[in-house]
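Have a look at the structure below, then the notes.
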Ligand SMILES: [Zn+2]
C-alpha cells in the first residue's frame, strides 16, 4: 500500500498507489502524486515495475505517472514496461508521460483499454479489465492465476508411481496407462482484483467474484451513501456487502475521504454489512500478503 487517500493527500495518507508482487512480476496500480517517494519508503525500486494499470484519469490515480515513468527511464530498467489505462484518457497519458524533458531509455508499451476483456496472458496470470461506474471512464483490473494440478501422494503410491516418474507423468499427462487426472486434483488458481472509483455495478461484482484478495475503494461511510452515489463512489458497507456476496477471502478497504477521523469505522460498517473474512483497513506502507491457497 503506497498511498491510501482519495482526492488529496493528508498528513498520514499519501495519494493512492499500490504495488502488487505476483510471482516474479510487479504491477503498479493507480500511482497518485508522490508515488515515487512512497516507493522509496516501501523499498520498491523502479526495476520492480513490469506493468502499470490505471483505473481512470483523476489526479489521485494518475498524477504519479510522470515521476514514475521518468524514474523507470533514469534507472534504465532492463525490461520493457506495459501501461494499461482507459483509452478515452489517451491524451492525459501522453501529457503525463511527456510532462517534462528527459531521455527515454526503456521501451514503454501503451496498451489502452477500450472495453471489458483480457489484456494479457502470461504463465502466471491472465489480466482482465472490467468497466466501472464513475463520472469519468474507469476500469477495474483482475488477475487470475491459471488452475494447476495438485498431486495426491496416496493415489500415486497406490499406482506405484514415485520419484522421477511423478515429474514424467506431470509432463506427459499419462504414464503406463495411469492418467494425471487419476492421481491429482485441480488446484484452483488464485485471484486478485483492484476496484477503484465506482458506484456499485456489474463490473464490481464480476471483478470481486471469488477473489482471494480484493483491494477496493470505500471512500465514504454508510451515512454518506447519497454523496457516494452522486460522486461515483462506494461506502464501506457497500464494499463489505459486495465482498461478502462475491466470497472474497481477504478484503482491503482503501481510498478514504479526508473527512473521516476513525479508520476502524470502515471495518465496523463492512462487518455489519456481512463480510466475515479477513479484513484490512489500508494504511500507507502496510504490506498485505495474498492469502495462502484455500485448498
Ligand atoms: Zn479517486
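Numbers for the structure displayed
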| read-out | value |
| --- | --- |
| Theoretical ellipticity at 222 nm over the chain - DSSP helices of four or more residues, -39500 (n - 2.57) apiece, nearest 500 | -7000 deg cm²/dmol |
| Proxy reagent accessibility, fewest Cβ within 10 Å first, across 79, 250 | 79, 250 |
| Two-decimal Rg/Rh across the stretch 208-285, once Rg and the Kirkwood Rh are taken from alpha-carbon atoms | 0.94 |
| Scaled radius of gyration (Cα, divided by 2.2 N^0.38 Å) that the stretch 137-225 gives | 1.73 |
| Long-range Cα-Cα pairs in the chain (distance over 24 Å), rounded percent | 53 percent |
| Contact order normalised by residue count of the stretch 158-278, Cα under 8 Å, 6+ apart, percent | 22 percent |
| Principal-axis tilt of helix 65-74 within the chain, Cα atoms, nearest 10 degrees | 60 degrees |
| Additional length obtainable on full extension of the chain from residue 276 to residue 179, 0.36 nm per residue less Cα span | 31.0 nm |
| Share of alpha-carbon pairs per 10 Å distance bin for the stretch 1-115, given as whole % | 15, 50, 32, 3 |
| Footprinting exposure proxy for 196, 39 (fewest neighbouring C-beta atoms within 10 Å first) | 39, 196 |
| Using alpha carbons only: equivalent-ellipsoid semi-axes of the stretch 102-160, gyration tensor based, whole Å | 39, 19, 8 |
| The stretch 58-193, Cα convex hull volume normalised per residue, Å³ | 155 Å³ |
| Gyration tensor (Cα) of the stretch 119-268, equivalent ellipsoid semi-axes in angstrom | 44, 16, 10 |
| Cβ-based exposure ranking for 251, 20, in which fewest neighbours within 10 Å come first | 20, 251 |
| Spacing of the two label points (7 Å from each Cα toward its C-beta) at residue 118 and residue 90, in nm | 2.5 nm |
| Bins of 10 Å from zero: percent of alpha-carbon pairs in the stretch 240-291 | 25, 54, 21, 0 |
| Extension gain, residue 230 back to residue 37 (0.36 nm per residue minus Cα-Cα distance, nm) | 66.2 nm |
| Between 0 and 90°, nearest 10: helix 236-246 axis offset from the chain longest Cα axis | 20 degrees |
| Residues residue 11 and residue 149, FRET efficiency given R0 of 51 Å [Cβ-Cβ distance, rounded to 0.05] | 0.55 |
| Difference of contour (0.36 nm per residue) and Cα-Cα distance, residue 162 to residue 23 | 47.2 nm |
| Distance in nm between pseudo-label sites at residue 293 and residue 101 (7 Å out along the Cβ direction from Cα) | 5.4 nm |
| For the stretch 165-211 versus the stretch 228-261, the gap between their alpha-carbon centres in whole angstrom | 27 Å |
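Just so you know, all these numbers are worked out from the coordinates, no wet-lab data involved. All figures in this text were calculated on a predicted structure; none of them were measured in a lab. Positions of Cβ are generated from backbone atoms using ideal geometry, with glycine treated the same way; all protein chains shown enter the neighbour counts.
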